[in-house]
């Protein structure tokens with residue numbers, strides 16, 4: 001591996017690096033991803049070079065000459081037509097008939113093509129929302145214009161209108177967020193819009209929302225105050241409105257569109273332990289909740305907590321938390337349950353080593369992917 | 001007439017017209033001449049029933065054809081028979097439209113970039129245009145410009161070296177722009 005220290009403009013002028021940034025060659029992408037992983041010192045320069053190339057690429061334009069194109073096209077067709085008329089006098093009528101038929105279709109195709117090219121869609125032009133994207137492996141916090149605090153977990157997208165205070169406090173979340181909503185004197189509701197026509201209506205309260213696109217469920221947990229979980233149908237008509245009390249968690253299952261509300265039981269656990277329970281098979285079908293509010297909202301204090309979760313679910317959590325790809329190769333290992341708390345910014349390797357103490361596992365890592373398997377027994 | 005062939009011929013014309021026209025204008029600066037040349041190029045392909053499926057690099061094939069067509073027309077126009085002399089009439093110029101700017105503040109940046117580009121020798125300019133604006137490969141550019149592979153590489157690299165020397169400050173200005181003017 002080449003560990004040479006590149007300067008900013010050397011990255012920018014490097015064609016292999018350009019292909020990596022513009023995602024044009026799988027080979028270059030693989031090469032540079034591993035190069036970057038092996039050269040953390042250069043990460044700032046790489047980020048800058050990446051931005052500049054993207055910027056320049058987005059600035060490169062080919063002027064469009066629609067009118068001239070149509071004009072030359074017409075002239076060309078006339079020339080071809082004249083040539084045809086001259087060459088095939090006998091079957092001329094039929095040819096012309098087909099020619100115009102073909103030409104009209106081609107013109108229609110052409111018009112559609114040009115239309116798409118020259119008129120970008122409206123959504124590209126509207127800048128009415130402010131959007132915050134939190135990459136996997138990162139967490140973020142923001143303060144809204146009304147004083148509401150929002151914590152955003154890894155891999156989340158949060159959107160809110162520019163004129164936030166004027167027309168209702170509407171926000172949109174995909175991913176996981178914790179809200180501390182300020183109570184407004186004029187009773188302006190605060191509405192969190194989720195996927196699947198779900199929304200949460202609040203006046204002033206603290207609650208957590210988890211709604212990742214790739215998850216099978218959407219869930220919200222109330223810490224204090226009161227919230228309403230609202231479900232609408234396709235025509236935006238409210239079909240159910242559920243009041244959720246503190247220490248309750250509402251789970252929406254995307255599969256059957258059912259909402260379940262569970263009361264949370266407080267469980268305190270500090271050390272990691274594996275549950276060698278025989279009924280893993282039996283219990284995996286239903287959702288058992290024995291986690292408490294503190295555990296659910298622990299992420300906002302930079303704590304990674306697992307509460308009697310399957311190793312498969314833990315894998316998904318760690319993928320987001322660390323911004324890595326995690327593959328578990330052993331089916332039995334996926335179903336094992338674990339509990340543990342990591343509050344000292346442990347690395348993924350430290351965490352996996354701790355797992356290894358209760359369950360013999362081994363892992364390989366390359367290019368931001370970690371493959372975990374059961375340790376083969378050698379006795 | 002073969003309807004499928006006609007349709008293919010038309011869609012190739014529509015898809016490549018902008019690239020061809022922009023390139024033609026850049027190398028000779030005569031809009032009417034470029035229009036005639038593109039028309040003639042496509043008419044000949046239709047008349048000779050060129051089998052497009054056998055053309056490996058269609059875009060390079062079209063660029064090469066247009067370049068040759070323009071050289072032929074210039075030959076007639078200036079009544080010159082020596083091809084190397086006619087080649088001198090071909091000189092690619094970058095124009096402000098090549099570089100999209102979002103607001104007036106960037107005008108200065110754009111003019112500096114254009115100035116740097118247009119100060120390169122003609123062969124380097126053309127090779128860089130084909131490489132980075134039209135994204136053609138070195139061997140395709142060699143075909144189009146009728147020079148060998150190594151000269152294309154040399155022309156592109158020398159051009160980039162010169163640009164790096166004259167542009168490094170501008171790149172930093174761009175960086176500044178990205179960080180502070182994003183929204």
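A short reminder: the numbers here are calculations on the coordinates, not readings from a lab. Note that this is a predicted model, so its numbers are computed, not measured. A quick note on method: Cβ atoms are made from the backbone with ideal geometry, for glycine too, and the neighbour counts reach across all protein chains shown.
Under the shape rule built on the C-alpha gyration tensor, where the axes satisfy a ≥ b ≥ c, the range A:140-263 is rounded, since a/c falls short of 1.5. A Förster radius of 25 Å, combined with the Cβ-Cβ distance separating residue A:238 from residue A:183, puts the computed FRET efficiency at roughly 0.60.
Neighbouring Cβ atoms from other chains, within 10 Å of the Cβ of residues in B:42-52, number 2 on average.
Taking a ≥ b ≥ c as the square roots of the eigenvalues of the Cα gyration tensor, an a/c ratio of 1.5 or more together with a/b no larger than b/c marks the range A:8-59 as oblate. Taking only the C-alpha atoms of the range A:208-267, the Rg (one decimal) and the largest Cα-Cα distance, Dmax (whole number), read 12.1, 42 Å.
Neighbouring Cβ atoms from other chains, within 10 Å of the Cβ of residues in A:76-83, number 5 on average.
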